[in-house]
Amino acid sequence: MKKLIAGNWKMNGSLAEAASLTEAIVHGIDQDHSLLDRCDFVVCPPFIHIETVFGTVRELSHVLSVGAQDCSKFEKGAYTGDISAGMLTDIGCTHVILGHSERRQYQDESDVLIAEKAQAAHGCDLTTIICVGETEQEREQGNAFDVVGAQLAQAVPEGSNAHNTVIAYEPVWAIGTGKTATAEDVKAMHQYIRDKLKEKLADFAHVRILYGGSVKPNNAQELLSVPNVDGALIGGASLKADDYLAIADSAPTV
Ligand code: PEP
């Protein structure tokens, strides 16, 4: 399976910076086609930058997909401030990140809400990148597997499959902190996630499971070589084209 190299730009950058970052990424991939043999690429800019990103990608849309960082559970109507899944499809997005730990923490998002959003997204042909992961305290208390198992049970809705669903394992304590899980811990958790998916999805073996949490060029090779790590969800390092491309270049040959 090719690795999915997903960039989460979060709430960063100006319009001009979004354009120049996109330009550098697209140019970098286009310069080295061996990257496309090993990886698929998606970036998730802030909503308001998406159109500019598309404008910059132009005829090279086959090298870089574009996604969003959230969507509404509602289809349309009086939901001030919301962006629907249909609006994302309409503008050309193919992916949407759901249930990122920052949204769970700052917007109080529950697994039930994440499942509702995922269902709305699947109904509009979007591939959801559903994030799961334990806090530092939960890991220290020995509950990491139970927490992730419960998140998967509730946040991954009926109708999910390998085409419309990607799981991102992101230990909360590793996001933006410079700490990463050890390769052994990642291996164990990704195997556990695969086993849990088996209970739910017929094509569980083909669902991509990404690792996220301080993935950088200097640790990407080790992380991307772990069994059942089918790509990376990258925050900070995805804001630097060189780092994002270097992480992709660490992916093993398929
Ligand atoms: C993320 O926000 O999904 C993430 C993994 O961030 P970082 O790479 O900065 O830890």
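The values are calculated or read from the model by the stated rules, or taken from the named source; none is laboratory data. Note that the structure is predicted; figures quoted are calculated from it, not measured. Cβ: placed from backbone, ideal geometry, glycine included. Neighbour counts: every protein chain shown. The accessibility values were calculated without ligands, DNA or RNA, using every heavy atom of the protein model including side chains. Shrake-Rupley method; radii C 1.70, N 1.55, O 1.52, S 1.80 Å.
Where helices (runs of 4 or more DSSP H) sit wholly within the stretch 1-81, those with at least 1 residues that are open to solvent by less than 50 Å² (accessible area, probe 1.4 Å), within 16 Å of the ligand (Cβ to nearest atom) and not basic (K, R) occupy 15-31.
Selection of the stretch 82-123 for residues being assigned to a loop (DSSP other than H, G, I, E, B), away from the ligand (no atom under 14 Å from the Cβ) and open to solvent by less than 30 Å² (accessible area, probe 1.4 Å) yields S84, C93, E109.
Considered as a group, the residues in the stretch 148-194 that are among the aliphatic types (A, V, I, L, M) and assigned to a loop (DSSP other than H, G, I, E, B) include one that is nearest to V112 (Cα to Cα), and that residue is V156.
When the stretch 201-251 is filtered for residues that are among the hydrophobic types (A, V, I, L, M, F, W, C), within 12 Å of the ligand (Cβ to nearest atom) and in a loop (DSSP other than H, G, I, E, B), only V215 remains.
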